1. Limited to region 167-189, what total is found for residues that are touching a helix residue (DSSP H, G or I) at 6+ places or on another chain (Cβ under 7 Å) and without any contact (Cβ under 8 Å) to a residue 24 or more places away in the chain?
2. Taking into account only those residues within region 115-140 that are part of a helix (DSSP H, G or I) and without any contact (Cβ under 8 Å) to a residue 12 or more places away in the chain, which is farthest from residue 81 (Cα to Cα)?
3. Which condition does residue 113 not pass, out of (1) within 21 Å of residue 190 (Cα to Cα); (2) loosely packed, with under 13 Cβ neighbours inside 10 Å; (3) in contact with a helix residue (DSSP H, G or I) (Cβ under 8 Å, 6 or more places away or on another chain), if it passes all the others?
4. The conditions are (1) free of Cβ contacts under 8 Å to residues at least 24 places away in the same chain; (2) out of contact with any strand residue (DSSP E or B) (no Cβ under 8 Å at 6 or more places or on another chain); (3) within 21 Å of residue 203 (Cα to Cα); (4) surrounded by 19 or more Cβ atoms within 10 Å (Cβ to Cβ), and residue 160 fails exactly one of them. Which is it?
């Protein structure tokens with residue numbers, strides 16, 4: 001094929017495409033901007049819709065976890081204000097058998113991914129209320145020192161407020177915290193990628209009681 005002075009056929013086609021694109025861009029750019037704006041504006045609405053869907057699905061949860069996820073039972077965790085990411089992952093682990101509990105495993109067995117996301121969004125959007133727990137000041141101080149020693153806030157952040165897949169444990173039920181720490185230590189719970197099982201293996205029973213007093217008292 002003969003090559004003309006202004007390049008090969010492929011080069012001429014490429015230049016033509018660029019020219020056409022430059023001509024059409026002003027026509028489509030405003031429409032694209034409107035579409036993007038509409039998409040971004042819809043995101044909060046979708047999030048609210050998920051929380052509303054979760055509210056209806058969470059009715060059965062109140063029997064154990066209390067109204068709006070504010071548990072009043074020492075054996076059941078407070079879910080209100082918990083990280084949505086953490087809640088979703090725990091429900092997924094219960095559903096898949098990576099975490100086991102005689103009460104939660106059957107409840108999560110038939111949840112769909114959408115159910116899990118809706119429930120997680122709903123409980124994350126609720127405001128936690130203070131639990132009825134009278135901490136031992138001596139144990140609170142010992143727990144604070146132990147938490148600094150084992151670097152709890154590197155993952156759980158200051159005030160134990162949690163982040164993403166790391167749970168908020170401030171103001172959590174004392175007995176529930178004790179059980180989870182004991183389960184991690186005994187490797188009855190292992191869905192933590194090794195972080196909590198590693199931290200708890202050196203904890204004594206007294207350490208666990210002290211840490212639980214300290215964390216439950218952070219309200």
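1. Count: 3.
2. If we take residues in region 115-140 being part of a helix (DSSP H, G or I) and without any contact (Cβ under 8 Å) to a residue 12 or more places away in the chain, then 138 is farthest from residue 81 (Cα to Cα).
3. (1)
4. For residue 160, the failing item is (1).
Since every read-out is calculated from the coordinates, none of them should be taken as a lab result. Keep in mind the model is a prediction, meaning the values are calculated, not measured. All Cβ positions, glycine included, derive from the backbone under ideal geometry; neighbour counts span all protein chains shown.
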